[in-house]
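Engineer: Mind looking over this structure? Questions follow.
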Amino acid sequence: MKKPSQNSDFTVSGILDLLVGYGHLQPKQVKNIQLKLPSAHKSLAAEYAGNPLYSGGRSIQILPPELIASLKVPSAFNPDQTIEEDLIYQLLARKMGLRYVKIDPLQLDAEMVTNIISRPFARKHTAIPIEKKKNEIAVAVANPTDVELFDELRRISNMKIVPVLSSKTDINKVITELFGFRRSVSAAEETADSKYDLNNLEQLFEIQDIDALEANDKHIINAVDYLLHYAFDQRASDIHIEPKREYARIRLRIDGVLHDIHSVTKAIHPAIASRIKLMGRLDIAERRRPQDGRIKTAIGDTEVELRVSTVPTTFGEKVVIRVFDSSSLVQELNNLGFEEEALNRYQRIIHSPTGLLLVTGPTGSGKTTTLYSSLREIAKPSVNIVTIEDPVEMVLDSFNQIQVQPKIDLTFATALKYVLRQDPDIIMVGEIRDGETAANAVQAALTGHLVLSTMHTNDAVSSIDRLHELGVRPYLTASTLTGIVAQRLVRKICPHCKQESVLNDEEMARLEIQLPEGAPKLKVWFGEGCVRCRYTGMYGRMAIFELFEATEKIKRLIKNEGDVREILKIAKQDGMTPLRESAIRKLAQGITTADEILRVLSF
């Protein structure tokens, strides 16, 4: 490696030459950029001066990559994209013979990082250790010419330092999240009373007063806040805080898969649980029974609702926080994953003035998103929409939402009975789970209302049998049912590392795909794995649907108590695409993978 102090690439002029050389800038753009640099420098300096992290006399170092990136210069390759900090660091790494790393916080060993350097040192030098091997440490740096940094790291670690390049923005973000959480946890551990042992269920209830005090400690407040911000940043749908024998494990569910992110000592787990319970307005003294609560907060301009659930386990209270982002919970229908023909049919169903529409699938299959998005599609000032939910997932002004409360006998069935006296046009019942609710929902649809609800069945057609098992007469089902949607969520291939491939014979057999003899193999795609997708090859999720429409022919079959297999056969003839076929279409379109389909669906 070149000596950092002798490298002239890490200058404004060197980087501009680099961008021109790789074709990201035209030579004529350079002069205009140079004229704007002084004002850009002044703006960044003012921004740093107003940031409490850099106040108190700390020196402000504005690096050439962030200065150039702040100008948001259009790329010569694509005028719709700008020259970003990441791109500059990637090109610098290539030119300087260094490795570029897009830091994945989930892959960092927090204990290793905090043991090697302190937070002030990391802030001062904009550096963070990312890997430790036998005799060397890989350190992500934003300034490869910082001689003092490398000399000091060699001295304090007595190991070989291998610099890798990362953007200043990414490094600062990791420093804030990782050191902030760890510092808060460490401070809380120091103040925790070690004589209280939460190692077993019998001793769990002896420390309630200590928990109440600890939950108000500023270190615990900071730790929980850091954890929530980190979860939002990582697109987590759920946060799990799980007490074990010697520690508490913290995991995030991202794109449907759980990832370990932190572990904390058992001494501060009760305080973290109590702090979350306080935020969710739960009883912090009650640990013997499960509790449910909710927290409303905002991340930037986005409102976020958190649903808190606690249950007692052998080693303490397990806390799960479900994250509901309004931007993902309520979407445009054409973004959900419907095929064009199915979308047109579905829109026709939800715009019907009366009838019963069911959405089916297991927990976590996106049923609530489909229902909320459908209600938003048909909501207008001239209609009265009432929802009955357990719990209310997202509070929305467009609807009149009712929370089920079994303790006071406000169940789905009783609420629905009284809602019918409130002059509703459209009713959403969170779930049909008993005969009384099913009967009331069918009666509501029969008397001129559009009713939407969910059921837990494996596919669309089996929901008809389920209604009959709950006591609904077949002739009533035939008179009211307009459609049934069965759905699942599949992970999407990461667009940043997408590669082309073909299905092999084994995968074809497992997916039950048969091609004509002599036909070319089915072209598919997969994610090779990169930092953005945490080397899973998958990024984000979308739904696959099976849309059953109750046509006149099918209604006659239902009324005459026709066999489910016969109903399914007619539904396919009428254009229903089964879940398996819908999934395979997504595979052929390059949206998901064979392994993901096999994970979600049983073949």
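The values are calculated or read from the model by the stated rules, or taken from the named source; none is laboratory data. Predicted, not measured: the structure shown is a model, and the values here were computed from it. With ideal geometry, Cβ positions are generated from the backbone for all residues, glycine too; neighbour counts draw on all protein chains shown. Side chains are part of the model used for accessible areas, which takes the heavy atoms of the whole protein and leaves out ligands, DNA and RNA. Shrake-Rupley method; radii C 1.70, N 1.55, O 1.52, S 1.80 Å.
Engineer: Taking the stretch 532-557, which residues are under 19 Å from Leu356 (Cβ atoms), among the aliphatic types (A, V, I, L, M) and touching a Leu at 6+ places or on another chain (Cβ under 7 Å)?
Structural biologist: Selection gives Ala550 alone.
Engineer: Give me the pairs: first residue in the stretch 270-289 and without any contact (Cβ under 8 Å) to a residue 40 or more places away in the chain and on the phi > 0 side of the Ramachandran plot, second residue open to solvent by 10 Å² or more (accessible area, probe 1.4 Å) and not β-branched (Val, Ile, Thr), beta-carbon distance under 6 Å, and six or more apart or on different chains, which are they?
Structural biologist: Arg281/Gly293
Engineer: Here are Ser5, Ser59: which of them is in a loop (DSSP other than H, G, I, E, B) and at pLDDT below 90?
Structural biologist: Ser59
Engineer: Something else: Pick from the stretch 358-379 the residues that are touching a helix residue (DSSP H, G or I) at 6+ places or on another chain (Cβ under 6 Å) and not in a helix (DSSP H, G or I): which of them is farthest from Ser328 (Cα to Cα)?
Structural biologist: Restricting to residues being touching a helix residue (DSSP H, G or I) at 6+ places or on another chain (Cβ under 6 Å) and not in a helix (DSSP H, G or I), the top hit is Leu358.
Engineer: For Ala138, are the conditions met, namely being under 26 Å from Phe179 (Cα atoms), of a type outside the set (Phe, Trp, Tyr) and at pLDDT below 85?
Structural biologist: Considered against the rule, which asks whether it is under 26 Å from Phe179 (Cα atoms), of a type outside the set (Phe, Trp, Tyr) and at pLDDT below 85, Ala138 comes out as no.
Engineer: Something else about it: Quick one: which of Val311, Val330 is in contact with a strand residue (DSSP E or B) (Cβ under 6 Å, 6 or more places away or on another chain) and either buried (at least 21 other Cβ atoms within 10 Å of the Cβ) or touching a residue at least 12 places away in the same chain (Cβ under 8 Å) (or both)?
Structural biologist: Just a single option satisfies the conditions, and that option is Val311.
Engineer: Let me ask something else. Can you pull out the residues in the stretch 75-117 that are within 15 Å of Pro64 (Cβ to Cβ) and small (Gly, Ala, Ser)?
Structural biologist: Ala93
Engineer: Something else: If you go through the stretch 225-242 one residue at a time, how many are open to solvent by 50 Å² or more (accessible area, probe 1.4 Å) and either within 15 Å of Asp104 (Cβ to Cβ) or free of Cβ contacts under 8 Å to residues at least 40 places away in the same chain (or both)?
Structural biologist: 3
Engineer: In addition: Please tell me if Ala441 is within 35 Å of the chain's Cα centre (by Cα), touching a residue at least 24 places away in the same chain (Cβ under 8 Å) and buried (at least 22 other Cβ atoms within 10 Å of the Cβ).
Structural biologist: For Ala441, the condition - within 35 Å of the chain's Cα centre (by Cα), touching a residue at least 24 places away in the same chain (Cβ under 8 Å) and buried (at least 22 other Cβ atoms within 10 Å of the Cβ) - is met.
Engineer: Of all helices (runs of 4 or more DSSP H) completely enclosed by the stretch 63-123, which ones contain at least 3 residues that are under 25 Å from Gly180 (Cα atoms) and in contact with a strand residue (DSSP E or B) (Cβ under 6 Å, 6 or more places away or on another chain)?
Structural biologist: Of the helices (runs of 4 or more DSSP H) lying wholly inside the stretch 63-123, those with at least 3 residues that are under 25 Å from Gly180 (Cα atoms) and in contact with a strand residue (DSSP E or B) (Cβ under 6 Å, 6 or more places away or on another chain) span 110-116.
Engineer: Would you confirm, using the coordinates I've provided, whether Lys124 is open to solvent by 10 Å² or more (accessible area, probe 1.4 Å), out of contact with any helix residue (DSSP H, G or I) (no Cβ under 6 Å at 6 or more places or on another chain) and touching a residue at least 60 places away in the same chain (Cβ under 8 Å)?
Structural biologist: yes
Engineer: Cβ-Cβ under 9 Å, sequence separation 6+ or interchain: first residue in the stretch 362-391 and touching a residue at least 40 places away in the same chain (Cβ under 8 Å) and open to solvent by 20 Å² or more (accessible area, probe 1.4 Å), partner β-branched (Val, Ile, Thr) and part of a helix (DSSP H, G or I). Which pairs?
Structural biologist: Close Cβ pairs (under 9 Å, with a partner that is β-branched (Val, Ile, Thr) and part of a helix (DSSP H, G or I)) amount to Glu377/Ile350.
Engineer: Restrict the check to the stretch 449-467 and report whether at least one residue is among the small types (Gly, Ala, Ser) and open to solvent by 30 Å² or more (accessible area, probe 1.4 Å).
Structural biologist: Scanning the stretch 449-467, I find at least one residue that is among the small types (Gly, Ala, Ser) and open to solvent by 30 Å² or more (accessible area, probe 1.4 Å), so the answer is yes.
Engineer: Give the residues of the stretch 285-313 that are in contact with a Pro (Cβ under 9 Å, 6 or more places away or on another chain), at pLDDT below 90 and not in a strand (DSSP E or B), sorted by residue number.
Structural biologist: Arg287, Arg288, listed by residue number.
For (1) on the phi > 0 side of the Ramachandran plot; (2) of a type in the set (A, V, I, L, M, F, W, C); (3) at pLDDT 80 or above, each residue gets a yes or a no:
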| site | (1), (2), (3) |
| --- | --- |
| Leu204 | no, yes, no |
| Ile207 | no, yes, no |
| Ala212 | no, yes, no |
| Tyr226 | no, no, yes |
| Asp233 | no, no, yes |
| Tyr247 | no, no, yes |
| Gly256 | yes, no, yes |
| Ile261 | no, yes, yes |
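Engineer: Under 7 Å between Cβ atoms, at least 6 apart or on separate chains: pull out the pairs that start in the stretch 89-107 with a residue that is at positive phi and end on any residue that is open to solvent by 60 Å² or more (accessible area, probe 1.4 Å).
Structural biologist: Gly97/Met1
Engineer: Still on this structure, I have one more. Kindly indicate whether Ile161 is β-branched (Val, Ile, Thr), surrounded by 16 or more Cβ atoms within 10 Å (Cβ to Cβ) and outside any helix (DSSP H, G or I).
Structural biologist: When the stated conditions are applied, Ile161 passes them.
Engineer: Can you pull out every residue in the stretch 505-522 that is surrounded by 12 or more Cβ atoms within 10 Å (Cβ to Cβ) and of a type outside the set (Val, Ile, Thr)?
Structural biologist: Matches in the stretch 505-522: Glu507, Met508, Ala509, Arg510, Leu511, Lys521, Leu522.
Engineer: Scan the stretch 405-429 residue by residue and report those that are β-branched (Val, Ile, Thr) and open to solvent by 10 Å² or more (accessible area, probe 1.4 Å).
Structural biologist: Hits for the stretch 405-429 are Ile408, Thr411, Thr414, Ile426.
Engineer: Scan Lys572, Lys586 and give me the residue that is free of Cβ contacts under 8 Å to residues at least 40 places away in the same chain, under 18 Å from Leu343 (Cα atoms) and out of contact with any Asp or Glu (no Cβ under 7 Å at 6 or more places or on another chain).
Structural biologist: Only one candidate qualifies: Lys572.
Engineer: Scan the stretch 551-567 for residues that are open to solvent by less than 60 Å² (accessible area, probe 1.4 Å) and in contact with a Ser or Thr (Cβ under 9 Å, 6 or more places away or on another chain) and jot them down.
Structural biologist: Lys555, Ile558, Val564
Engineer: I'm trying to understand the selection: among the residues of the stretch 335-357, which are in a helix (DSSP H, G or I) and over 20 Å from the mean Cα position of the chain (by Cα)?
Structural biologist: Result: Glu340, Glu341, Ala342, Leu343, Asn344, Arg345, Tyr346, Gln347, Arg348, Ile349, Ile350.
Engineer: Could you tell me which of the residues Arg289, Arg294, Arg245 is open to solvent by 50 Å² or more (accessible area, probe 1.4 Å) and under 18 Å from Asp225 (Cβ atoms)?
Structural biologist: Arg294
Engineer: Follow-up question, since we're still on this one. Within the group Ile175, Ile130, Ile171, which residue is within 30 Å of Arg249 (Cβ to Cβ), modelled with pLDDT of 90 or more and part of a helix (DSSP H, G or I)?
Structural biologist: Criteria check complete, one pass: Ile171.
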